[in-house]
1. How many Cβ atoms of partner chains, on average, are near each residue of A:113-119 if near means within 10 Å of its Cβ?
2. Report in % the part of the accessible area of segment B:280-398 that belongs to carbon and sulfur, leaving out ligands and nucleic acids; probe 1.4 Å.
3. Out of B:Val338, B:Ala348, B:Gly309, whose Cα points farthest toward the positive end of the dipole of segment B:277-349 (charges: +1 Lys, Arg; -1 Asp, Glu; placed on Cβ)?
4. Where in segment B:656-749 are there trypsin sites (Lys or Arg not before Pro) that are in a DSSP coil and have at most 10 other Cβ atoms within 10 angstrom of their Cβ?
5. Structure shown: which of B:Lys814/B:Lys976; B:Lys527/B:Lys584; B:Lys584/B:Lys651; B:Lys52/B:Lys584 lie over 31 Å apart, alpha-carbon to alpha-carbon?
6. Ignoring everything except DSSP H segments at least 4 long, calculate the 222 nm mean residue ellipticity for chain B; use -39,500 (n - 2.57) per segment, divide by total residues, nearest 500.
7. Hey, quick one: spin label on B:Leu6, modelled 7 Å out along Cα-Cβ, who in segment B:26-59 has an amide N within reach, i.e. under 14 Å?
8. How large is the accessible surface of B:Val963 in square angstrom, using a 1.4 angstrom probe and rounding to the nearest 10?
Amino acid sequence: MTQRYAVTVVTVPMLAIFEARGREAGLAAGLAAACLPLPAPGGILAVQPDGCAVLRAGPRRVVIMADMTMEAELGSALARGFAACPDADVALVSDMFCVFDLTGPGAEDVLAQGAPLDLSEAALPAGHGSGTELWGTTVILIRIARPEAGFRIVVERSFKGFIEDWLAVASGSGSARRPGVMTAPPPSWQPS
Amino acid sequence: MTAIRLSSGGVIDRTRPLSFSFDGLSLGGFAGDTLASALLANDVMLVGRSFKLHRPRGLFGAGYDDPGSMVERLGPRPATNQLATTTMLEEGGVYRSVSTWPSARRDVGAVVQLFARLLPAGFYYKTFMWPTWHLFEPFIRGAAGLGRVPGVDAWEPVGESRFGSCDLLVVGAGPAGLAAALVAGRSGASVILVDDGAAPGGRLPGDGGDPEGWTSACWRELATLPKVRLLPAATAWGYHEHNLVSVLERAPRGAPGLDLRNWKIRARQVIVAAGAFERPIPFADSDRPGVMLASAVRTWLGRFAVRPGGQAVVFTNNASAYGTALALADAGAAVTLVDARTEPEPQAVAALASAGVTLARASLVTKAHGRSRVEAVDVIDDGGQVRRLPCDLVAVSGGWNPAFHLASQTRQARSIWHDELATFVADHGPASFRLAGAARAEFEPVSCALDGALAAGEALATLGLRAHAFETPHLSEPFVARRVEPVWFVPPRRKADKVFVDLAGDVTTDDVGLALREGFDSMELLKRYTTAGMGVDQGKSGNVNVIGIVGALTGATTQTVGTTTFRPPFVPVEFGAIAGQRNKARLYPWRHTPLTDWHIARGAVMYEAGLRWQRPGYYPLPGENWSAAAAREARAVRQAAGVYDGTPLGKFQLKGRDVPRLLDLLYISDFSKLGPRRGKYGVMLSDDGLIMDDGVVFRLDEQRWLLHSSTGAADRVHQHIEQVLQVHHPEWQVSLIPVTSQWANATLCGPMAREVLAALQPDFDITREALPFMGMAEGMIGDIPVRLFRVSWTGEASFELNTPARHAAALWDKIMAAGAAFGITPVGSEANHILRVEAGYISTGHEVDGTSDAFDLGLGPLVSRTKPDFIGKRSMELRRRVDPERFELVGLLPTEPSRRVPEGAPITPAGDRVDQEGFVSACVSSVVHDRIIALGLLRNGRSRMGETVHARVRDEVIPMTVVDPVFHDADRARVKS
């Protein structure tokens, strides 16, 4: 089926993801122990030379993403760093999130069907991310720089099938809903 | 034939002829035609029948102001209630008039006109009262004037709903809107320009089709500006809070296969330049086909090169219709202009004279003659002389009503009467909202453009941008309404004559008078009683006339009479466009555990079980229904071992010095003494003292805790804790990280569970002493890391094995392999429900229904007597003091052991139809007792053990005995084993 909007959807192989929450000083100290910076507030994505990316997802929230090969080492460093911080904590959440890359000139048209965020480049420039709603789920959107141009979508893995279906339908392709789910509950559940 | 297509002009594409049919007539048109313009070009004046009386009706307006030229499209894409004036003509289109049979020309339903005198306003309310309105409703609705929804072939338009953002939203691409968009776009602002026409230009006659014209030049330049988005064929239909504007775009460009797109545009600034609607001067039988708005005639001539008549009467009370008269004359029509004023503008009079148009001053058209099209009108002069003028077209202009609907929808702009223009205008709306051009009662095109540019400049200033220079355009329209002498209607000379003031609802001046005599003297009441303003055009053509007539009949000023409320939608909007693709399985988010494929591969029937999680309901074997499968799985847990997917349970990692204080505030129990590697069950209340959730907290080590919530309440609990930490106690040193989906779960349960666990050969001690009830362990099972909690919700020994989700399937495979020798079976939600009801455990959404507190559900002993406070404590105590008679948790045994009682069934005293004294919260077929058992909440239930109570299910009463709510493992020996 021809797509309505010219986009490419790629499911990114599993990334090492850590989430840190706490007060600013604690976050900075914990990250510093792992030789990572605490970006200033405003959805800035700080990408390190080794590819590890630190996103300031909120005043008290940081998301760290790296290649899976770095998970163990990065995890140990972060654990050590945050163990010494009484007012901040870190957790491994690689299994909790899945990541899609939506690229192409129609990417904004597709995402705008589910995200109320201002997706213009002026509001969300490359190298920035923001938490937002996407078709009723909570996601982080990160603008991918040109030439690919598009968005990285970080969403809880439990919604993977739902988001896949929406991305397919919103781009004008057919539904990608997984067979065998969303069946009707047994008759006893029907209202009497 | 009197209506003709002119040999040149218009924005139609004469190189692309189109053929279509209407009511069985084979006709032709051109690309760019609307169905309405094509019908007129074919001299088809009669396009339908009126809503109530089936009177012959023609085209009245040329756009959304047309009050009723609805058609049914039989193909392609069958659909009904399409407005002919906004339906673009397409090759092979087959159309028919709605609610007529066999056609609009020969409509059997027209017989109702014989009884018109018996059908005044309010007729339905007064007549069809006995025995019930619903007896008559199908017939009445069948006879009334909207089309039937097509059958199986009905068009299902592909809709899209999307968000949009911009610095400036401009509504309308007439002179004011184009100028505003141009100024803002040149200044670098992001602009969305919305216009409901197929071509820009608003009411600039024909300019949109002129490649050298100002409109075309503006449009071309706007298309080149990088931050400007043009939305033609799009209507802004609703203004909502904080500049959120709904826009419906039809057949969007660059989106193949898409029929409708609904925009939800959040704009920092809004300029509404939506123009103005012309209003008629109603006179006797002015609803006849061939009587239409002068502005519509201008549109037919200018945009579509259609002259709707050869012998025209133009009836007006203002100068704007002079332009229409001149345009008709220029197109070769014989024109007489009837002006209600005694002193029209001299230059207008001179222009008419030089064009050979006859002028009748201080005169009124009193009546139209003809049936299926107008043939003549009666004109009365100020001396009382009546003469009859033959004609095939009457163009009427009673003045102009600025289209400030969106401003009114802000609920901040009031409508104010403008004496000179005899219409309502809007005063100030929100600071970020502006009206411009004709929507602000500025009707001269150059002034409109300058007004739009000025509004854009003001909007840009608030955005911190500097307005770009704007050149005054050369636009000529000498005849605009600057002075209007209101003529709300022309009283009929014969009492039997009808003056229709709202064509969409067949409302006459008599109906308005009747409503006033019956006491409906507020405009809002009168509107509902007469249905004036409630038809498809929502009063765009008739509302102000109705207000004027009410004023004339009651002696009140028009300002005092006031307007009705403008509400969205401004135009009819398809529900499918609002929903977009958000339907069926995409209506709400659904979630999967990492084991979904595993479950499906084993035949699980998957459906939602809490907070949108798709979970296995049961795993039927060949020939099993759901209840047999659930019973088999539950029996396996009671007798051997089972494993179920508890992944969706909410999980929150807590760290910090003040976590004990937080837990003590959240839960009714005392958590401050909870030591490392131990867990505790807790009940969380909301601020109003009712149970929000129950769950288990484990202290992982000295620094960290893991809080489990129920599946269904996970989001609510998260918000609750965040509120406590961010709002009530920001000073507390607590870090909270939700980790629900990080961990997959396999809950191993049953008398053989420990043996199965041993067979998995974990690298940690699983003896009773090392791993007691509410204990925990961490380690490896083979190469899989696990975190194990001893918790039970089944009434059996349970081991909740948690592992990072990537290992979920491997862990389950290992468990199934290790458990095969012990008869292990996977267990779904249905079996789990049986097990927890037998064990008497409460569940969110069943017993925890938002009305119960801890004492109600037998959890009173958990309430700390040493803590000074916890959330909900005061409210719970206060409520119990005020009303000690509470619904309390009980067990229920139907007198007939096999009688299943629907969950939620009310319990009423003696089963009578009186207020309920409780309800059945859960009912299952017990595998332990081999009979139906139930839980319920019953008023003073704990003191009523042994009593017989009655559930009422429709007309049946089911007796039940009140028993203890724990049916299995009452001493919890099995759980703790």
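1. 5
2. Result for segment B:280-398: 47 percent of the exposed heavy-atom area is carbon or sulfur.
3. B:Gly309
4. Sparse-neighbourhood loop trypsin sites (Lys or Arg not before Pro): B:Lys673.
5. B:Lys527/B:Lys584; B:Lys52/B:Lys584
6. -6500 deg cm²/dmol
7. B:41
8. Result for B:Val963: roughly 30 Å² accessible.
The values are calculated or read from the model by the stated rules, or taken from the named source; none is laboratory data. On a predicted model such as this, the values are computed, not experimentally measured, just so you know. Glycine also receives a Cβ, built like all others from the backbone with ideal geometry; neighbour counts cover every protein chain displayed. We work out accessible area using only protein heavy atoms, side chains counted, and drop any ligands, DNA or RNA first. Shrake-Rupley method; radii C 1.70, N 1.55, O 1.52, S 1.80 Å.
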